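Notes follow the structure.
Values in this text are rule-based calculations from the coordinates and carry no lab data. As the structure is a prediction and not an experimental result, all values here were calculated from the model. Positions of Cβ are backbone-derived with ideal geometry, glycine not excepted, and every protein chain shown enters the neighbour counts.
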Amino acid sequence: MCGIVGAVAQRPVSGILLEGLRRLEYRGYDSAGLAVLEGDTIQRLRRAGKVANLSQAEQDMPLKGFSGIAHTRWATHGKPTENNAHPHMSGSDLAIVHNGIIENFEPLKQQLQSDGFIFTSDTDTEVIAHLVARSVNQGKSLQDAFLETVSHLEGAFALGVLHKDYPNQILASRKGSPLVVGVGIGENFIASDQMALLQVTDRFIYLEEGDFVQVTPDTLVIWDAELKQVDRPVKTFEHSLSTVDKGEFRHFMMKEIYEQPEVVKATLQGRISEKHLLEQAFGSDATAAFDQADHVQIIACGTSFHAGLVAKYWLEDMAGIPCAIEVASEYRYRKHVIPAKTLFVTISQSGETADTLAALRAVKGKVLASLAICNVPGSSLVRESDLCLMTNAGPEIGVASTKAFTTQLVALLMLSIALARRHGLTEAKEAELVQALHQLPVLLLAAVKLNKDIEVLSQDFAEKNHALFLGRGPLYPIAMEGALKLKEISYIHAEAYPAGELKHGPLALVDKEMPVIAVAPNNALLDKLKANLQEVKARGGELFVFAGADHIQPEEGLKVEQMPDVPEILEPIVYTIPLQLLSYHVAVLKGTDVDQPRNLAKSVTVE
Ligand code: G6P
């Protein structure tokens, strides 16, 4: 989704802005632009397509100004053309960058047009530029004009403004979209997330909802939504620079698949002892909430939703607590019946997904407590929830989520153990589960080592147009996640079914053009699943099965990839890996943009 970078310094900022945009590429975008103030002239460059196009344009026409704003745009209103790319300007006086959506832009646009403002783009953003300009023309200071403008805007936004009469200054604000301030020495910055600025600072201020900030090289003045001047803490960001580089890997996605044994270790670190879950990891208020909770509602989107689906099996099986799960975009727009003692759990890699945040806000005051399972410290979801458990996966750059998913599963397994303790989980059983968790990094490593075999297997898929994924029990959501991965990065149409549903429809699709992938660990449902696989075979389907040692034998039309033996509770986590590898290799064979698949964004900060 759109990304913003801004810089005010005592040196040229265009290099900082372009590097910031490059670091925001992972969020997904389709055009890019920047504006810097040179003398009293705003110089603007915009390009459709990649940041590399913009960099090239800047090399051809170097920009030397000391203050500037930049943007990657993910088209919502109007096509991804140069004309619609940000920054947007009102005349030549001011430039603006915007992340989010202005819901009331149409009436505002009509009003501005009747006041004589000429629109040069199809975007909702352009109204903001003209609104600020109109107030400045009426004699207001830039700051008052900006505040007044923001008060007219409905929707979600993070904004940065540059004005030719206010050198060495950027104004910014956020409401509903993320924005951080980067704190330097004699220079300061703004950006959609800290990743964009790690090359210039590791100190950040996380703006609150409704905050305004005036950024100059030496000062940062922040006002809250009530326009009261406030101090916000400066926090040091701990991830090292190397976490955002590809290293030896060709794609971030592969790097992130390989990181899973390590990051899962980091998720577990300090949270389990030899035999026990250390519940304090959920924060000091968690104990009281967990003691009372007798219902869990999980809300998430995309891959995070699939993690939640697995957790429903765990929570109901282990803790015997009813658990409901729903995608955030549905939940937020309907009336709910919320049982009194509901623990409301949101799952999100980014912590900025607009629908998930809206669902959380909709239940404020109506639930026992809210818990965010999230990968980004300081994100909106974390700040607005009562409790949080960080997944510690480190920055995830590939749009298709991999390590964030497996670490979410680990966090959800820890939550299930915490709640199960209060509902009859014995010490011995807890010790067994915790010991299984200790083995997880090694088992994940064994699964990652299947990479070469799976690369070979992937050749059978590159020419296919469809694929069917099957699983049973908690492996059904893993089949869903496998299908989503394949869709996202290889653009092959894929669907997942609980294997028992096969004969209620999808069997009609099966022929040799429809590969069928099954995740088949050796558990109580294996015999049932084997019967389903026979149904596929009997119809001439081509089967690819990921199975535990020696439980399914290869035969004509049935390829078997042997998985390490894993404790049953860990099956969903470990069996995720081969499906990630499969979709990766199919995408590479098809030559798609693996890390930034078409039309998708990493962090979906608008509806
Ligand atoms: C987008 C991303 C997915 C992600 C989903 C939810 O669709 O491309 O990878 O699963 O958003 O994002 P979240 O940050 O809330 O987990």
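Among Met253, Met414, Met390, a tally of other beta-carbon atoms within 10 Å of each Cβ gives an order, fewest to most, of Met390, Met414, Met253. Antiparallel versus total DSSP beta bridges in the range 514-607: what percent is that, nearest 5? Approximately 10 percent, going by the DSSP bridge assignments.
Only helical runs count toward this figure. For the chain, summing -39,500 (n - 2.57) over DSSP H runs of n ≥ 4 and dividing by all residues gives -10000 deg cm²/dmol at 222 nm.
Computed over neighbours whose Cβ is under 13 Å from that of Leu412, the net charge equals 0, Lys and Arg +1, Asp and Glu -1. For Asn522, nonlocal amide neighbours, meaning residues 5 or more places apart or on other chains whose placed amide H falls under 5 Å from its own, are Gly548. In straight Cα distance, which lysines are under 26 Å from Lys164, not counting same-chain residues fewer than 8 positions off? The qualifying lysines are Lys64, Lys109, Lys140, Lys175. Membrane-span-like helices in the chain, defined purely by DSSP H runs whose alpha carbon atoms cover 30 Å or more axially and whose average Kyte-Doolittle hydropathy reaches 0.0, are 427-448. Kirkwood hydrodynamic radius of the range 149-205, from the reciprocal of the average inverse Cα-Cα distance over all distinct pairs: 12.4 Å.
Using C-alpha pairs below 8 Å separated by at least 6 residues, the relative contact order for the range 430-575 is 24 percent. Which of rounded, prolate, oblate describes the range 427-528, given a ≥ b ≥ c as roots of the alpha-carbon gyration tensor eigenvalues and a/c under 1.5 marking rounded, otherwise prolate only if a/b is larger than b/c? It comes out oblate by the Cα gyration axes. Straight-line cross-link partners of Lys590 among the lysines, defined as a Cα under 24 Å from its Cα and at least 8 positions apart when in the same chain: Lys50, Lys246, Lys255, Lys403, Lys449, Lys452, Lys464, Lys485, Lys487, Lys512, Lys559, Lys602. Among 271-278, 342-349, the peptide with the highest mean count of other Cβ atoms within 10 Å heads the list, and the full ranking is 342-349, 271-278.
Bridges between two residues of the chain, per DSSP, are antiparallel at a rate of about 60%. Net length available on complete extension from His438 to Arg361 is 24.1 nm, with 0.36 nm assigned per residue and the Cα-Cα distance removed. Which whole-angstrom value gives the distance between the alpha carbon centres of the range 492-513 and the range 351-408? Cα centroid to Cα centroid, the span is 33 Å.
A full extension of the chain between Leu509 and Arg232 corresponds to an added length of 94.0 nm, given 0.36 nm per residue minus the alpha carbon distance. Each Cα pair under 8 Å and six or more residues apart adds its separation to the average, and for the range 33-125 the resulting relative contact order is 29 percent.
By the beta-carbon count within 10 Å of each Cβ, the least crowded to most crowded order of Phe405, Phe249, Phe290, fewest first, is Phe249, Phe290, Phe405. The shape of the range 96-168 comes out oblate: with a ≥ b ≥ c from the C-alpha gyration tensor, a/c is at least 1.5 while a/b does not beat b/c.
For the chain, relative contact order (Cα pairs under 8 Å, six or more residues apart, normalised by length) works out to 12 percent.
Only the Cβ atoms of Lys and Arg (+1) and of Asp and Glu (-1) were treated as charged; on that basis the dipole of the range 325-364 about its Cα centre amounts to roughly 260 debye.
Residue exposure proxy: Ser135, Ser173, ordered by other Cβ atoms within 10 angstrom of their Cβ from fewest to most, comes out as Ser135, Ser173. Based on the alpha-carbon gyration tensor of the chain and its eigenvalue square roots a ≥ b ≥ c, which shape applies: rounded if a/c is under 1.5, prolate if not and a/b is larger than b/c, or oblate? It comes out prolate by the Cα gyration axes.
If the segment from Asn465 to Glu103 were pulled out straight at 0.36 nm per residue, it would be longer than the present Cα-Cα gap by 126.5 nm. Of all beta bridges that DSSP places with both ends in the range 92-189, some 95 percent have antiparallel geometry.
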